[in-house]
Each structure stands twice: as structure tokens, then as C-alpha cells.
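Student: Encoded as C-alpha cells, here's the structure I'll be asking about.
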Amino acid sequence: ALEHFTLNFTITNLMFTRDLETPNSAKFRSTEKIMQHYIDPLLQRSSIGPQFSGCKVTGFRPGRHRDDTRVDAICSYKDSASLARFDREQVYQELSTMTKGVTRLGHYSLDQHSLYING
């Protein structure tokens, strides 16, 4: 059985534009692919890695500042006996470390107070 959790964070150097609100726009699809390119490998290297099955960006929203874009995603993992339980604090700590204290995601800068797992 697949279990899901939400992942939210804010990119501070990706200007939000209205076409990011439209899931079938070219801008949405290309930005979604880039996010998956960065997010999926991090979660594969985390404690849920062996059970991790992927993330799907569900939306982009304007952030507090002009150059901010908020990213919302739903991630999935296989619920199995080898994963004692989903520990959102542990996954948060692992992602925090892998993003240099929630400041870098590839060539993107992150708002270090914006990372939420099931929040």
C-alpha cells in the first residue's frame, strides 16, 4: 500500500508568474520536472529511500516576496514492515542537512523557514 505525505518549501530566486498556476502550461510542466529532478534524489538518499516511490508537484503559489515561489508536492512511499513508521522529524532533518540548512536546492535558493513535511 502506498502512503503519502506533503512536502512544502519556498524558492526565493524563482519569480512567481501566473502561468505557474496552470498545471498544463509549459512553464508549470518544465518547473515541475526540475523540482522532481532535485527532490526525488534527496528523498531516495533519506531514511525512507528504499520505500520512496516519488513526488508529484501539486501546485506553485506566490510567496511573500516578488521573487518567491512556494512549492507544494505530495510524495509517496510504500508502507512496509522494514520502515518502522514514517518519522517526519527525521525526514525533515535529513532534507535540511541535504539542502545545506534549507538554503539550497540545486541552483535555487530556499527560504530556510519554509520547509514543511506533513505540515
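Student: Can you compute the helix-only [θ] at 222 nm over the chain? Use -39500 (n - 2.57) per DSSP H run of at least 4 residues, normalise by all residues, nearest 500 deg cm²/dmol.
Tutor: Helix contribution divided over all residues of the chain: -8500 deg cm²/dmol.
Student: For labels at Met98 and Glu21 in the simple 7 Å Cα→Cβ model, what's the distance in nm?
Tutor: 3.2 nm
Student: Pulled fully out, how much extra length does the chain show between Tyr116 and Ser80, if you take 0.36 nm times their separation in residues and subtract their Cα-Cα distance?
Tutor: 10.6 nm
Student: Among Ile74, Ile48, Ile34, which one shows the highest mean-square fluctuation when the chain is modelled as a Gaussian network with alpha-carbon springs under 10 Å?
Tutor: Result for the chain, Cα springs under 10 Å: Ile34 fluctuates most.
Student: Please find, in a Gaussian network model of the chain (springs between Cα atoms separated by less than 10 Å), the residue of Ser25, Ser76, Ser47 whose mean-square fluctuation is greatest.
Tutor: Ser25
Student: Might you report the magnitude of the Cβ-based charge dipole of segment 2-118 about its Cα centre, with Lys and Arg at +1 and Asp and Glu at -1, to the nearest 20 debye? Provide the component values of the computation, followed by the final result.
Tutor: Values: 15 positive and 13 negative charges, 50 e Å.
Roughly 240 debye, rounded to the nearest 20.
Student: Can you give the angle from 0 to 90° between the axis of helix 26-44 and the longest principal axis of the chain, with both taken from C-alpha atoms, to the nearest 10?
Tutor: The angle comes out at about 30 degrees.
Student: Would you mind telling me which residue in Arg66, Arg104, Arg85 has the biggest mean-square fluctuation in a Gaussian network model of the chain, where springs connect alpha carbons within a distance under 10 angstrom?
Tutor: Fluctuation is largest for Arg85.
Student: Hey, quick one: spin label on Ser109, modelled 7 Å out along Cα-Cβ, who in segment 60-97 has an amide N within reach, i.e. under 15 Å?
Tutor: Residues 64-69 fall inside that zone.
Student: Over the chain, what lengths in whole Å, largest first, do the semi-axes of the equivalent ellipsoid take, defined as the square roots of 5 times the eigenvalues of the alpha-carbon gyration tensor?
Tutor: Rounded to whole Å, the semi-axes are 25, 16, 11.
Student: Using a Debye calculation, one point per C-alpha and no hydration shell, please list log10 I(q)/I(0) for segment 59-119 at q = 0.19, 0.23, 0.29 Å⁻¹ in order.
Tutor: After summing over all Cα pairs, the log10 values are -0.82, -1.08, -1.35.
Values quoted throughout were computed directly from the atomic coordinates according to the rules given, and no laboratory measurement underlies them. Being a predicted model, the structure only gives us computed values, none of them experimental. Neighbour counts run over all protein chains shown; Cβ positions are idealised from the backbone, glycine included.
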